[in-house]
1. In 5 Å bins starting at 0, how do the alpha-carbon pair distances of region 29-166 split up by percent?
2. Report ³J(HN,Hα) in whole Hz for each residue of region 266-273, in order, from the Karplus equation J = 6.51 cos²θ - 1.76 cosθ + 1.60 where θ = phi - 60°; Gly and Pro get x.
3. Separation between the GLN386 and ALA252 pseudo-spin-labels, each 7 Å from Cα along Cα→Cβ, expressed in nm?
4. Along the Cα-to-C-beta direction of ARG126, a point sits 7 Å from the Cα; which residues of region 381-416 have their amide N less than 12 Å from that point?
5. Under 19 Å from a point placed 7 Å out from the Cα of LYS418 along the Cα-to-Cβ direction: which residues of region 129-158 have their backbone N that close?
6. Semi-axes of the equivalent ellipsoid for region 245-304, please: Cα gyration tensor eigenvalues, times 5, square-rooted, ordered largest first, whole Å.
7. Count charges around ARG100 for me, please; just the other residues with Cβ under 11 Å from its Cβ, Lys/Arg as +1, Asp/Glu as -1.
Amino acid sequence: MAMKLTRRFFLQSTGALAVYCGVSPLEALAASAVPGGGRPVARGKTLVVVFLRGGIDGLNFVVPWADPNYVDLRKSLRIPKPDEADGALDLDGFFGLHPRAKALMRLADTGQLAAAHAVGYDKNTRSHFEEQDTWETGVVGNSVGADGWLNRHLLTSQGRGPVRAVALGDTLPRILRGDAPAYAVRGLADLGMPKPRADADTVAAALEHAYRVDPAAHAGDARDLVHQSGRDTLEGVRLIQTVVEQPYKPAAEYPKGGLAKRLAEAARLIKADIGVEVIQIDYGGWDTHNNQGSGIAGPYADKLQHLAESVDAFTRDLGDRLDDTLVLTLSDFGRTARENGTRGTDHGWANCMLAVGGPVSQTGQRTGHADRRRVVADWPGLAPDQLHQKRDLQHTTDFRDVLAEVVRVHLGNPNLEKVLPNHTFKPVGLVG
């Protein structure tokens, strides 16, 4: 019995196709030949999603230093007040940045940085795997069969080039998996090699051989799909390789480290003008159950410094392109409000999200403490009776509202019900 070749089957087979055709540095996932539906996306806009895997401690990143309960909850981990030694970098009279994230203050001062705080949703399981799936699919309750919300954005809009989405990493993350084209690239330097010699017929033959598809049984739709998708895949591969082959020098000096390297590659793709609108990068290691570090010292502070300096270099490298570029951080969940017995923090509830770039809202929301142009929050408080289950920061902003605002306002896709289904949307005021 011949195997039915569907669009999803073709998606699943494309990783093997890339290796079979000698393009092993690129794990390409080419989707169907059918273009994305909906209206064209906003011209020239780019979203860079940095997933902070492991669950970053948002209370020590965007620090609620003026909350009177913060100090009592963080005896050894607390970040001092702005007027104290090694204190938080004041953002608005209530919140401040961790002092090791000082590279980001330039962006806060120019109105190109804002944070959303107390962000989450009401069915958080505190499981790394389940919560990463939820944040990547945008589906609450049953994300097993769901595609990534960024892939659904691609599927419900029309792009302005053959390479719309790139993950800079070893594999395609859940957030970009689905029926729309996306590419996973281990590193642009790995693509500095002779262009693939395979043509569309060779691609089709590779698929048919590798999966024993009977071409006679699929002489129409399936074979046409294979050929068109093969051409689309190779066009994307060649286009990215063309970028690599051009002489390039960053316009800023990046720190050493994995995140910095990938953000430098993201800047190179954006400035190449090949139509990339979505770039995804992982930056893990935030599961700080013990020895998180106190104040400005320790592994948590070291990672924050690398994050801040890498993002700062990326924004300098982009120059005027930053006007149309938004960097957005996501994470599994927040950490417990109170530090644990091993000077760390455990899996928690609500968290902060950072937004950097020209599209950041210049107005924000007024929420009682000050004009929080830099921090958008309906702050729930850290008193024992204000915490979720007396241990975690409550969520007052649904993460899907933040994602929806980014998709609709920044990327220009109005199809929110298809991108983030089964949710009633509320304005946030993070981007504008």
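1. The distribution over region 29-166 is 2, 8, 14, 14, 13, 14, 14, 10, 6, 4, 2, 0, given as percents.
2. Result, rounded to whole Hz: 4, 4, 5, 5, 5, 6, 7, 6.
3. Reported label-point gap for GLN386 and ALA252 is 3.4 nm.
4. Inside the label zone: 388-393.
5. Under 19 Å, as judged by backbone N against the label point of LYS418, lie 137-139, 146-158 of region 129-158.
6. Working: eigenvalues 197, 37, 11 Å².
Output for region 245-304: semi-axes of 31, 14, 8 Å.
7. Details: positive: LYS102, LYS303; negative: ASP86, ASP302, GLU309.
Local net charge: -1.
A short reminder: the numbers here are calculations on the coordinates, not readings from a lab. Everything quoted here is computed from the prediction, not taken from an experiment. All Cβ positions, glycine included, derive from the backbone under ideal geometry; neighbour counts span all protein chains shown.
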